[in-house]
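K.L.:
This is the structure I have questions about; it appears just below.
Bear in mind these aren't lab numbers, they're just calculated from the coordinates by the rules spelled out. The structure displayed is predicted, hence computed values, not measured ones. Here the Cβ is made from the backbone with ideal geometry for all residues, glycine too, and neighbour counts use every protein chain on show.
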Amino acid sequence: MWIKGINLGKKFLTLHLERNNFADSKLFSVGNPASPTTLSQESPMPETHFSARIVLTTAANPEEAASLARTLVEERLAACATLIPTVESIYHWQGTIESSRETMLLLKTGADQIAALETRLHALHSYQTPEFLVLNVDNGSHPYLAWIDASLRLPPVVEPQP
């Protein structure tokens, strides 16, 4: 039997075991490291370690936000874009305090897409200095995170030309 992977969480330790081409994962409690208790079995750990990110940005209006969202999702730089209409931003700009109604975008992506996503967003955006804040995703629904990862691996969507 071989230990193929270890995942230490806050309360559980998952060991990915392999013997004679049979993969298995065991979930142990971490409370007493000297004598862990088997609690249950879970599905095998994924072979890759996907690191999800959420990118925050804003756009001048809902139309620009929708256009940015569609392009970034079609190009597989984001798996999903959530638009939050009508946020109020108050900020310093060129020596004065400004206030603007904007549309916020939450872009769900992976760590590997961040550089290309930032470059493309800057090229498409109407703002001279668009917001681009990257938040690490420490945890989430495993099926949802797997869906983000799978969505980003597919080829870009090419819309048919009329």
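K.L.:
As a footprinting exposure proxy, order Ser126, Ser51, Ser99 by other Cβ within 10 Å, with the fewest listed first. Kindly include the intermediate steps, with their values, before the conclusion.
P.N.:
Details: Ser126 11, Ser51 15, Ser99 8.
Sorted ascending by nearby Cβ count, the order is Ser99, Ser126, Ser51.
K.L.:
Let me ask something else. What is the Cα centroid distance between the range 118-162 and the range 55-83, reported in whole angstrom?
P.N.:
8
K.L.:
On a full-extension model of 0.36 nm per residue, what is the gain between Ala60 and Arg101, subtracting their alpha-carbon distance, rounded to one decimal in nm?
P.N.:
Values: separation 41, 0.36 × 41 = 14.76 nm, distance 0.73 nm.
14.0 nm is the gain from fully extending Ala60 to Arg101.
K.L.:
Which FRET efficiency, nearest 0.05, do Arg153 and Ile90 yield, Cβ-Cβ r, R0 30 Å? Walk me through the intermediate numbers first.
P.N.:
Working: r = 39 Å, r/R0 = 1.30.
So, using R0 = 30 Å, E works out to roughly 0.15.
K.L.:
At 7 Å along the Cα-to-beta-carbon direction for both Thr82 and Ile114, put a label point, then send me their distance in nm to one decimal.
P.N.:
2.0
K.L.:
Rounded, prolate or oblate: pick one for the range 104-162, where a ≥ b ≥ c are the square roots of the eigenvalues of its C-alpha gyration tensor, a/c under 1.5 means rounded, and failing that, prolate if a/b is larger than b/c, else oblate.
P.N.:
Note, shape of the range 104-162 comes out oblate.
K.L.:
Per 0.36 nm of contour for each residue apart, how much would the distance between Asp138 and Ser126 grow if the chain were fully extended, relative to their Cα-Cα spacing? Kindly include the intermediate steps, with their values, before the conclusion.
P.N.:
Numbers: separation 12, 0.36 × 12 = 4.32 nm, distance 3.14 nm.
Extra length from Asp138 to Ser126 when fully extended: 1.2 nm.
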